[in-house]
Every structure is written in C-alpha cells, then in structure tokens.
Amino acid sequence: MSETPGRNLALDLVRVTEAAALAAARWMGRGDKEAGDGAAVEAMRLVLSTADLDGVVVIGEGAKDHAPMLFNGETVGSGGGRRVDVAVDPVEGTSLLARGAPDAISVVGVAPRGTMWSPGPAYYMDKLVVGPAAAPHVRPELLDAPIGEVLSMVAGAVGRSVGELTVFVLDKPRHQDRIAAIRAAGARVLLRTDGDVAGALMAAREGSGVDLLTGIGGTPEGVIAACAVQALGGAMLGRLAPQSAEEAEAVRAAGIDMHRILTENDLVASDDVFFAATGITDGVLLPGVRYTRGGATTHSLLMRGRSGTIRTVTAEHRWDKLRALSALEY
C-alpha cells in the first residue's frame, strides 16, 4: 500500500547546516580551527532548537580532540514532531577550514530514535565506501582483501578500468602503504588531510568523480556518513581500529566487539534517514560559502532515505534580513 508523503525533515535540517556553514566561513584560512568550530556549534545549536523534532544527539563531534561540540545525550529540536537520533558535525574538517583547504562541510543526519549505533569510546574505524553500482558486490571480507581485488570489483561494477578509478584516502602516515598499493594497482588517489564524511559522500554519490573510500578515519564520522550512504544507495563496511592502547582498553571495557565488521545498516538501522550537508570551503563535493554584496550564497545537498530523493539547494542569504531575525552574527 502506498503511504501519504511525510514531512521531509531534510528541508528543516538544511537551515541548520546553512547557519553553521555561514558562521564557520568567517574563519576560513585564519588558522584558528577551534574558533571556527565554536562559531558553527553556536549557530547549529540555535537553529537546530527550532526544528520540528524531538531529538537526542547520539553523535556529537569534538570529544576526542576537546573541541567545541554539541555533546552526546544533548536534547535538540522544538520537542515536538518525530522522536529521532541526531548525528552532527558542525565543521567536518576543522583543519581544512583553518587552512582554507578544500571540502570543509557542515553536516547533520537524523534517524528514528534508537536506530543509530553509538560508538562509545571508539574514536577510529577502518572503512570502505562505494556507490550504488558497486554496492551489490560488497561483502564483509572485502575489508581485509588486497586493495587490488577491491579495485577490480569496483571497476567491473562501474564499467571502467582500474586506471580510470579515483580513490579517496586520508593523507595520514598510517595510510602510506595503502596509498602506495592503490598507486601500484594503477588507480588515481584523492588525498585530504581531514574530512572523511565528505570522502564517503563522494564515494557513495554517482557522478562525483570519486569511486571508493578506504582507510582509517573517525568512528563518529562513520555513523554520520552511514546516514548519507543509506540515502544514496551505496554500501559501507567498517571495523573499529583503535589507534592507541588506551583507546583499545576503553573499547574492551565498554564491551564492544572490535573485530565485528559493521555495514551501513548496522550503523544506522533504518532507511528512514534524513541528511543535509552545506559546503564551507570550495571542494569536489560542494562549492563553499561565497560572499556577495550584502550577503552570501551557500550550496547544500539534502537527502531522504525512504524516498531516495536527493536535492541540491543554492541559497542566497541577505545580511540585513538575517541579522534582524537572528541573534547570530553571520
């Protein structure tokens, strides 16, 4: 039986990511990532409080580096509407923002209450993300397979050669062998120092120019990315990868299985997800905030998992109007 179309929360959420992006963009290239993140948190918290939902923050970025944050367990929204879990990252790529580097974004995802996996004290996860064409071929053992085998699978699924694939990898010392193996296989590599939510979005979205994400990144970012991967019809694998003895001990003490391979459905156990992302700095995924005479322009992606609808939104913001309505200093 068909259902009456429900309220699309992504249309509320885009106001949240737009506000965070506008606040953060003032700090682009100024070398102060905490100030930029703090401005985005303040803006996101204020606008999120007006959204028509009864939300609890399950993923609040900032705990591992003591950054400003919307904290885990914080209640958000107007208190009415849907009861949801909320995953936020007001600035995904704070170092990118501070340096004026590409692909800093603001993101928020929601799913029905109780469906988001909570990583607890687990900060790092080994991940693999592909788009819809390769998704049917993903199986858990691929997370440990030689990268050449993974690339061959993706190439066959998308109808291109390995040499025509692009792989997103975080440019970290822990990935030097993996990067070398990708290059040896003949694929192209897109490196970023931060921002693997953006990387997952690129990998999962057809036409982005990126075919695969691989490597160890943040566990909270993995849950946020899973919201988008669900909506985009891609596939994701992840397994905890503690980067210190202290983190490993904390994960064991919390009773979390470090060897379990998780899929996007484990990380977010519902297709009724909503996701919004707004560009802060120019990048492969989205243009950043552009200032105009008396205002600014933002570019956003909105997704609804149940309908599969993806919207791109270009918004023109006027300072004289916004500053009269809001306490935020855009």
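What follows is calculated from the coordinates using simple rules that are stated; it is not laboratory data. None of the values given here were measured: they were computed from a predicted structure. Cβ: placed from backbone, ideal geometry, glycine included. Neighbour counts: every protein chain shown.
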Q | Rg(Cα)/(2.2 N^0.38 Å) for the stretch 88-217, N = residue count | A | 1.07
Q: Relative to the longest principal axis of the C-alpha atoms of the chain, give the angle of the C-alpha long axis of helix 10-25, reported between 0 and 90° and rounded to the nearest 10°.
A: 90 degrees
Q.
If each DSSP helix of 4+ residues adds -39,500 (n - 2.57) and the sum is divided by the residues in the chain, what number results at 222 nm, nearest 500 deg cm²/dmol?
A. -9500 deg cm²/dmol
Q) Against the longest principal axis of the chain, how steep is helix 219-232, in degrees 0 to 90 to the nearest 10, with axes from Cα atoms? A) 90 degrees
Q) Taking Cα pairs under 8 Å and at least six residues apart, what relative contact order does the stretch 229-283 come out at, in percent? A) 45 percent
Q) From the Cα gyration tensor of the stretch 74-125, with a ≥ b ≥ c the square roots of its eigenvalues, which class applies: rounded if a/c is under 1.5, or else prolate if a/b is larger than b/c, or else oblate? A) oblate
Q | Nearest-ten-degree value, helix 147-158 long axis tilted from longest Cα axis of the chain | A | 70 degrees
(Q) Per 0.36 nm of contour for each residue apart, how much would the distance between Ala254 and Thr75 grow if the chain were fully extended, relative to their Cα-Cα spacing? (A) 62.1 nm
Q) Taking springs between alpha-carbon atoms closer than 10 angstrom, which of Leu262, Leu22, Leu70 fluctuates most in the Gaussian network model of the chain? A) Leu262
Q | Potential extension, Glu316-Asp177 segment - 0.36 nm per residue separation minus Cα distance | A | 45.6 nm
Q. What percent does the relative contact order of the stretch 272-330 come to when contacts are Cα pairs within less than 8 Å and at least six residues apart?
A. 28 percent
(Q) Between Gly288, Gly159, Gly60, where does the largest GNM mean-square fluctuation fall for the chain, given springs only between Cα atoms within less than 10 Å? (A) Gly159
Q) Which one, (i) 20.4, 73; (ii) 22.3, 71; (iii) 18.9, 57, gives Rg and Dmax of the Cα atoms in Å as derived from the coordinates shown? A) (iii)
Q) By the scheme Lys and Arg +1, Asp and Glu -1, what is the net charge of all other residues having a beta-carbon under 11 Å from that of Thr214? A) -1
Q) How large is the dipole of the chain about the Cα centre if only Lys and Arg carry +1 and Asp and Glu carry -1, each at its Cβ, rounded to the nearest 20 debye? A) 720 debye
**Q.** Listed residues Thr94, Thr297, Thr281, most fluctuating in the chain (Gaussian network, C-alpha, under 10 Å)
**A.** Thr297
Q | Pairs of lysine residues in the chain - Cα separation under 19 Å, sequence separation of 8 or more or cross-chain | A | 5
Q. With the Cα gyration tensor of the stretch 117-194 giving a ≥ b ≥ c as the square roots of its eigenvalues, does the rule (a/c under 1.5 for rounded; else a/b larger than b/c for prolate; else oblate) give rounded, prolate or oblate?
A. oblate
Q.
Need one word for the stretch 156-197: rounded, prolate or oblate. Basis is the Cα gyration tensor (sqrt eigenvalues a ≥ b ≥ c); a/c below 1.5 gives rounded, then a/b vs b/c decides.
A. oblate
